[in-house]
Amino acid sequence: MRQFAPQPSSSMSELKNPILDVAASFWDDDRYRAFRVCYQSMRQLDDIVDDLKVAGLADNPDLRSRVKRQLAEAMQLLQSNVDAPKEVLELRQTMNELKIPLEPWRRLVRSMAFDLEHHGFTSFLQFARYANGAAVAPASIFIHLIGLSYADGVYTPAPIDIFKAARPLAMFSYLTHILRDFRKDVAEGLEYIPAKMRCQYAVSADDWQAAGRGEQSNGFVAMIAHYHALADRFRRKSVVTANPVYPYLDEPEKFSLHLIWELYAQIHEAIARADFVLAPELIHPSTSDLYQRIEKLARVMQVSDTTLSRGLARIGLNRWRNRAQ
């Protein structure tokens, strides 16, 4: 049984922004605003389901039906022209101006509906289908936004399949994210590692709960090593410069796409260094670690001072740059 004695929390990152948001922070104002509007709407749909599950109420058929209606109503509101709350009107306008397709929201809602009816996943294939909505859909909006060109007041999307372009990096990110947040998810009753994989490594329900408390059985560690290797397969497929959207990108967008890969790679590498012990104190990068990874990438890519300063200011890391200078 592997255990880990917690270290002082000062080593943990102060940065609470999702990595997609960190990466988008380096864009121009209009593109960044559009991302925040879209991401917030998706986060709200996801939270409707997660909140029910975390509260332990997902087995209540009446509550499940109510949440399904909420998801359906949200989609209807998004597709219609009827009067709507301010945030929906802003989202509609953003989607119209930046030519953002509705399909990512459809895929997300399908995955959320699946989530309502299931507690965890039977197989990795079932999980991967779910991830097409839960992870690839938000990432596809990111890909759409960075691929836009702008001329004479009109945005034009890059001529690519945004879902195919987003999938490898989204899957690498999602699998790594699941490992990073494992203990938090266990505490909230959320399960993402498939049952077949747990069975393959003889990880019992007791082993699972013990791992959530920081006591990892040998079977659990072997399972996590396997899951980490699956993430690595997607990591190797998600070569940023080979992404179909890459030829259409300017400096801030190229930097942001590389940055997603780098920040998840940072966590992925930390998990391996920790011998697959999923202790947040070992695998969550500190604020200093995050800044150094961002700054190093900016240096290698010769990112302009304007782009770098804009992003660091938005995520509150400009003071770290001032310290370094």
(request) Would you list the helices (runs of 4 or more DSSP H) that sit entirely within region 263-325 and hold 1 or more residues that are surrounded by 19 or more Cβ atoms within 10 Å (Cβ to Cβ), out of contact with any Gly (no Cβ under 7 Å at 6 or more places or on another chain) and touching a residue at least 24 places away in the same chain (Cβ under 8 Å)? (result) 280-283, 287-301, 305-314
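Of SER173, SER123, SER140, which residue is surrounded by fewer than 19 Cβ atoms within 10 Å (Cβ to Cβ), among the small types (Gly, Ala, Ser) and either in contact with a His (Cβ under 6 Å, 6 or more places away or on another chain) or modelled with pLDDT of 95 or more (or both)? It would help to see each step written out before you state the result.
Working: SER173 fails: surrounded by fewer than 19 Cβ atoms within 10 Å (Cβ to Cβ); SER140 fails: surrounded by fewer than 19 Cβ atoms within 10 Å (Cβ to Cβ).
Just a single option satisfies the conditions, and that option is SER123.
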(request) For region 212-233, indicate whether the set of residues that are modelled with pLDDT of 95 or more, buried (at least 19 other Cβ atoms within 10 Å of the Cβ), within 28 Å of MET42 (Cα to Cα) and not basic (Lys, Arg) is non-empty. (result) yes
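Looking at region 176-192, which of the residues that are touching a Gly at 6+ places or on another chain (Cβ under 7 Å), closer than 24 Å to ALA270 by Cα and of a type outside the set (Val, Ile, Thr) is modelled with the highest pLDDT?
Of region 176-192, the ones touching a Gly at 6+ places or on another chain (Cβ under 7 Å) are 183, 186-187, 189, 191.
Narrowing further to those that are closer than 24 Å to ALA270 by Cα: 183, 186-187, 191.
Narrowing further to those that are of a type outside the set (Val, Ile, Thr): 183, 187, 191.
On the way: ARG183: 97, ALA187: 93, GLU191: 93.
If we take residues in region 176-192 being touching a Gly at 6+ places or on another chain (Cβ under 7 Å), closer than 24 Å to ALA270 by Cα and of a type outside the set (Val, Ile, Thr), then ARG183 is modelled with the highest pLDDT.
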(request) Spot the failing condition for VAL109; the list is (1) touching a residue at least 40 places away in the same chain (Cβ under 8 Å); (2) out of contact with any Leu (no Cβ under 6 Å at 6 or more places or on another chain), and only one is missed. (result) (2)
(request) State all residues of region 219-262 that are over 20 Å from the mean Cα position of the chain (by Cα), in contact (Cβ under 8 Å) with a residue 60 or more places away in the chain and under 30 Å from TYR201 (Cβ atoms); if no residue qualifies, say none. (result) VAL221
(message) Step by step: first the residues of region 187-207, then only those that are touching a helix residue (DSSP H, G or I) at 6+ places or on another chain (Cβ under 7 Å) and part of a helix (DSSP H, G or I), then the one that is nearest to VAL49 (Cα to Cα). Which residue is that?
(response) ALA187
(request) Considering each of ASP50, ASP59, ASP83 in turn, give the residue that is within 30 Å of LEU317 (Cβ to Cβ) and either surrounded by 13 or more Cβ atoms within 10 Å (Cβ to Cβ) or not polar (S, T, N, Q) (or both). (result) ASP50
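The values are calculated or read from the model by the stated rules, or taken from the named source; none is laboratory data. Remember, predicted model here, so these are calculated numbers, not experimental data. Please note: Cβ atoms are built from the backbone with ideal geometry, for glycine as well, and neighbour counts cover all protein chains shown.
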